[in-house]
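Just below is one structure, and these are the notes that go with it.
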Amino acid sequence: MKLKKCLPLFWLALNGVSLPAASNSLSITRMTCDYAVNPTGVENPHPVFSWILQSNGYNKRQTAFQIIAATDCRKLSPQKADLWNSGIVREAHSAHISYQGRALRSRQTGWWQVRVWDEQDRPSAWSRPAYWEMGLLQPSDWQALWIGSGPATEPRPERSFFQQQKEQSAFSDTVHMNGRSTLLRKAFRIDKPVRSARAYVCGLGYYELYCNGRRVGDQVLAPAKTNYRKWILYDILDLSQLLQSGENALGLILGNGWFNPYKKWWDPYRMQWFGSKRAILQLHIDYRDGSSQVIISDPDWKTAPGPVLFSCIYDGEVYDATQEPADWCQPGFDDSGWPHARVVEAPGGVLTHSLMPDIKVTQQLKPIALTFPAPGLAVYDLGQNFSGWVRMTCHGRRGERMTLRYAEDLQANGMLDFTSNEKALNTDVYVLNGAGNETYEPRFTFHGFRYVQVSGLDYLPSIDDLTGCVVHTAVDTLSTFSCSDELVNRIHRATLWSQRSNLMGYPMDCPQRDERLGWLGDAMVTMEEALINFDMGNFYRHWLDGLRLNQNPDDGDISIVSPRPYLPIEPDPTWSSAYLVMVWHFYLHYGDRGFLQHHYPAMRRYVEHLSTQAQEFILPKYWIGDWGSTAEGWKEGDPPLVGTAFYYYNAVILAKAAHVLEHDDEAQTYERLAENIRRALNKNFYNKEKHHYEPGSQFSNAFPLFLGLPDSMEQPAVLHNILSDIAGHDGHFTVGVLGAKYLIEALTQQQHADAAWRLITQKGYPSWQHLLAGRTTLSEFWNLQGSHNHVMLGSIDAWFFKTLAGIRADESRPGYEYILIDPFVPDALDSVQASVITPRGLVSVSWKKKNKVRVYAIEIPANTTARLSLPAAVSERIKAEPPCALARTHKDRITCEIGSGRYAFQVGSH
């Protein structure tokens, strides 16, 4: 393909621009391949295509589609398409259409277009061309070798990693951990015009790539953490505009990351050691004359120690600018004194490319205050707690050390309070080179903080010298929400900041202390909120596939932390059940049956594992439980029924998945298993005299009620117990991480959204109002102990969209093919505005009270149907624009079914 002749189409495709439809009915707006717009590095041999439809009309839907795919954008016509022509397919599906064309090969680019037919059988115009590019599909595609400056071979225990220092004693040669950064350099010539150049690269633990002195790409903290013995992420970077005629130079700088941690942190719940720093790089250069060249990492590369003298995710970084070889990654640099790189062992995991967005600096914050609480100390307040680092401009004598320390809190005297950092030092040091103004920001660490302390300078820095760099996986925001209650707005904003702060290639618990792990329970309770607020498709696809790959091959157990190697010391279905729960939520949100099919065997193995652990369908008490509960007498693992309740939840989900996948016999098997668990749980934990589940706490009753465990005659009594307990605690909840989600869900299911609303807006301890006092992110515990940037108590944010705005997907027709609009209007709330870009397009609901009238504005995307249910007393009048066939299903509700379009309703005394 000659890209130059396709530049207008390429530019439009790259920027997601689409042509208007030929008819005034439907237009194609957003096209994705494997959940990404114009992705590079697709490894799925049958990529899935999706698109969003728009229309200004009402009840507009797709009745057929046609996809064409070609090797060249100029071949995009039904007659010339040389990869695939689907023909006219009489289906309404606009998502997850699997490619069924010619076999795709490594590094191949495919171009595609789609057109659709509307409900009147009118064709749209062809969409603008979109494209995808394949990655390296086979291990044999990798010609490059792993290289580094460390030993060619290193001790490797049976489990393939060191989790504790004492494990080294079993080996004759102990681990010699070198924490200083490694530089790798390769010089080469180019003597003809370049058409394109792609680098396939991975550096462990973290890396940066330079070409002719310029940084390649804007990703940071790459690659994202994985279980390096199972899978490793490589990046694909475009060097087409960076290469030059004549001499060229590639440079890699390697930091420790999660791969090569210091021995002090070797621990099952901190870091594990996999090996010394190493890298692999394969540069494919395609020339305009049709020839090609491959530059690979091999022993011809040169290596030297780098200027990052120390790098640790927990403790920070030391950068010595006096140790940086000037122009080391520029052509012409004299590397004759550098030794050759050493070929080292492969880490063990399969090299794979993820379409998950990169970790990036997504935003820059300016300080809101600068104080000097002690001589030589400057304290900056960024005004927001977040994850990342700072960029600091300074000057001074050669060899002077500027120290940056990070914290979430201040002491009363204005000094930093490092309590929530626990054992993590969170300190960056920059050694000045003395060459005028110098600007420093870390490369191989990150911090969670609001405040920064600067010391070591012989002058008072200014407020403009420092900039906060917000760092996280760069997922797009898909939602908007606001209401007339400022506390609810604050909870929403804090949830967004807490969620972003804890997206680092996996759903992390916190960004500031010596942990930063992917605890499954945290991710489970916040998944619905994250799916609503952000474009999480490829993020969760990557992470959940890691859970599948990391499943214990011996018994099917799932780790409670990921990514991290499976360890058999920690079974607890309270957390590991997140795997099935999250796969199911993903399916409901996106409607991707192929995704469910992919995970179904691992889901089955996990439920079978739980069955081996159960005695007469009852699981033992484990060690997590409703973490952070404030219930009287709560201990870790309480309430004892929670493990068995999740066993039931898993069986129910597996039965539903089996039905979706048309494994009806298996579905019946798991339905019987669920019923057996339900009966056993009720027999063992339900107190018929007291009408509660032991020990009678809010969560021990709410979670079974949410799951539908009580016999139908007992449900009102269980609900009454919950409401009575809340009243007995002065209107407060007594729940932890799990209960913060499932208590609210259970009350709402039981038509007591008003009780849920009162809990959400409650004041004092424990409450969300208390949790946010003086803070911009969510704390780990209701008592404000521990981390102050945990998202798990932000699970409530999904309720704002699902209940206050009433936007939900229908489980029977997932992926927002059928939308439920059922807003709850509290007496104490005057207005709500919410919108979500769903996989089918924009859904928007707003309502406002005006005098004695409630005004609703609702937007439904093309190719969907919604069931609308609005509160309306018998005595109230209803106006609808355009007119709808309204029906009264309850004395206080009206319903109607609507198609795409914008609707307005007025309910009340006109």
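State whether the residues of region 838-853 include one that is touching a His at 6+ places or on another chain (Cβ under 9 Å) and crowded, with 19+ Cβ neighbours inside 10 Å. The answer is yes; a qualifying residue exists.
For every residue, the table says whether it meets (1) open to solvent by 50 Å² or more (accessible area, probe 1.4 Å); (2) more than 30 Å from C510 (Cβ to Cβ); (3) assigned by the TED database to the domain that holds E632.
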{"residue": "N783", "(1), (2), (3)": "yes, no, no"}
{"residue": "V791", "(1), (2), (3)": "no, no, no"}
{"residue": "R813", "(1), (2), (3)": "yes, yes, no"}
{"residue": "A834", "(1), (2), (3)": "no, no, no"}
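The numbered conditions (1) without any contact (Cβ under 8 Å) to a residue 40 or more places away in the chain; (2) part of a strand (DSSP E or B); (3) of a type in the set (S, T, Y) are all true for Y903 except (1). Filtered by the rule that a residue be more than 17 Å from W799 (Cβ to Cβ) and touching an Asp or Glu at 6+ places or on another chain (Cβ under 9 Å), region 755-772 gives a lone residue, G764.
With respect to the conditions (1) part of a helix (DSSP H, G or I); (2) of a type outside the set (A, V, I, L, M, F, W, C); (3) out of contact with any strand residue (DSSP E or B) (no Cβ under 8 Å at 6 or more places or on another chain), Q762 lacks only one, and its number is (1). Against the list (1) under 13 Å from the mean Cα position of the chain (by Cα); (2) in a loop (DSSP other than H, G, I, E, B), the condition E515 fails is (1). Note on region 414-440: among residues that are polar (S, T, N, Q) and under 16 Å from S455 (Cβ atoms), the one that is surrounded by the fewest Cβ atoms within 10 Å (Cβ to Cβ) is T427. Here is the figure for region 759-776: residues that are open to solvent by 50 Å² or more (accessible area, probe 1.4 Å) and among the aromatic types (F, W, Y) total 1. Among the residues of region 475-488, just one is over 30 Å from Q762 (Cα atoms) and surrounded by 19 or more Cβ atoms within 10 Å (Cβ to Cβ), namely V475.
Residues checked against (1) modelled with pLDDT of 95 or more; (2) in the same structural domain as F274 (by the TED database); (3) open to solvent by 20 Å² or more (accessible area, probe 1.4 Å); (4) not in a loop (DSSP other than H, G, I, E, B):
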{"residue": "G150", "(1), (2), (3), (4)": "no, yes, no, no"}
{"residue": "T153", "(1), (2), (3), (4)": "no, yes, yes, no"}
{"residue": "E167", "(1), (2), (3), (4)": "no, no, yes, yes"}
{"residue": "R185", "(1), (2), (3), (4)": "yes, yes, no, yes"}
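Highlighted here are the strands (runs of 3 or more DSSP E) found entirely within region 232-317 that include at least 2 residues which are among the hydrophobic types (A, V, I, L, M, F, W, C) and open to solvent by less than 10 Å² (accessible area, probe 1.4 Å): 246-255, 278-287, 308-312. Across region 644-668, which residue is surrounded by the fewest Cβ atoms within 10 Å (Cβ to Cβ) among those that are of a type in the set (A, V, I, L, M, F, W, C) and more than 23 Å from P710 (Cβ to Cβ)? So, considering only residues that are of a type in the set (A, V, I, L, M, F, W, C) and more than 23 Å from P710 (Cβ to Cβ), the one surrounded by the fewest Cβ atoms within 10 Å (Cβ to Cβ) is L661.
Give the residue that is farthest from Q906 (Cα to Cα), with candidates limited to residues of region 820-855 that are modelled with pLDDT of 95 or more, touching a Ser or Thr at 6+ places or on another chain (Cβ under 8 Å) and of a type in the set (D, E, K, R). Here the residue is R840.
If E671 satisfies all but one of (1) more than 27 Å from the chain's Cα centre (by Cα); (2) open to solvent by less than 60 Å² (accessible area, probe 1.4 Å), what's the number of the condition it fails? Result: E671 passes all but (2). On inspection, G448 qualifies as in contact with a Ser or Thr (Cβ under 6 Å, 6 or more places away or on another chain) and either open to solvent by 30 Å² or more (accessible area, probe 1.4 Å) or small (G, A, S) (or both). For region 341-363, the set of residues classified as under 27 Å from H447 (Cβ atoms) and more than 16 Å from the chain's Cα centre (by Cα) consists of P347, Q363, listed by residue number. Where strands (runs of 3 or more DSSP E) fall wholly inside region 367-479, the ranges with 3 or more residues that are in contact with a Gly (Cβ under 7 Å, 6 or more places away or on another chain) and farther than 26 Å from G774 by Cα are 401-407. Pick from region 403-413 the residues that are farther than 18 Å from L309 by Cα and more than 29 Å from the chain's Cα centre (by Cα): which of them is surrounded by the fewest Cβ atoms within 10 Å (Cβ to Cβ)? Among those residues, the one meeting the criterion is A412.
Scanning region 686-718 for residues that are among the hydrophobic types (A, V, I, L, M, F, W, C), open to solvent by 20 Å² or more (accessible area, probe 1.4 Å) and free of Cβ contacts under 8 Å to residues at least 40 places away in the same chain yields a count of 2.
Only one of the numbered conditions (1) at pLDDT below 95; (2) within 30 Å of W389 (Cα to Cα); (3) not aromatic (F, W, Y) is violated by P568, and that is (2).
Residues in region 352-402 that are surrounded by 21 or more Cβ atoms within 10 Å (Cβ to Cβ) and either out of contact with any strand residue (DSSP E or B) (no Cβ under 6 Å at 6 or more places or on another chain) or without any contact (Cβ under 8 Å) to a residue 12 or more places away in the chain (or both): M356 alone.
Of the residues E133, E158, E91, only one is under 30 Å from N550 (Cα atoms) and modelled with pLDDT of 95 or more; which?
E133
Would you pick out the residues in region 589-620 that are in contact with a Leu (Cβ under 9 Å, 6 or more places away or on another chain) and either hydrophobic (A, V, I, L, M, F, W, C) or closer than 30 Å to S779 by Cβ (or both)? If the condition is that a residue be in contact with a Leu (Cβ under 9 Å, 6 or more places away or on another chain) and either hydrophobic (A, V, I, L, M, F, W, C) or closer than 30 Å to S779 by Cβ (or both), then H589, F595, L596, A602, M603, V607, L610, F617, I618, L619 are the ones that fit. Residue count for region 73-128 under the criterion of being charged (D, E, K, R), assigned to a loop (DSSP other than H, G, I, E, B) and open to solvent by less than 30 Å² (accessible area, probe 1.4 Å): the result is 0.
The values are calculated or read from the model by the stated rules, or taken from the named source; none is laboratory data. Predicted model only: the values in this text are computed from it and were never measured. Glycine also receives a Cβ, built like all others from the backbone with ideal geometry; neighbour counts cover every protein chain displayed. Note: areas computed on protein heavy atoms with side chains; ligands, DNA, RNA excluded. Shrake-Rupley method; radii C 1.70, N 1.55, O 1.52, S 1.80 Å.
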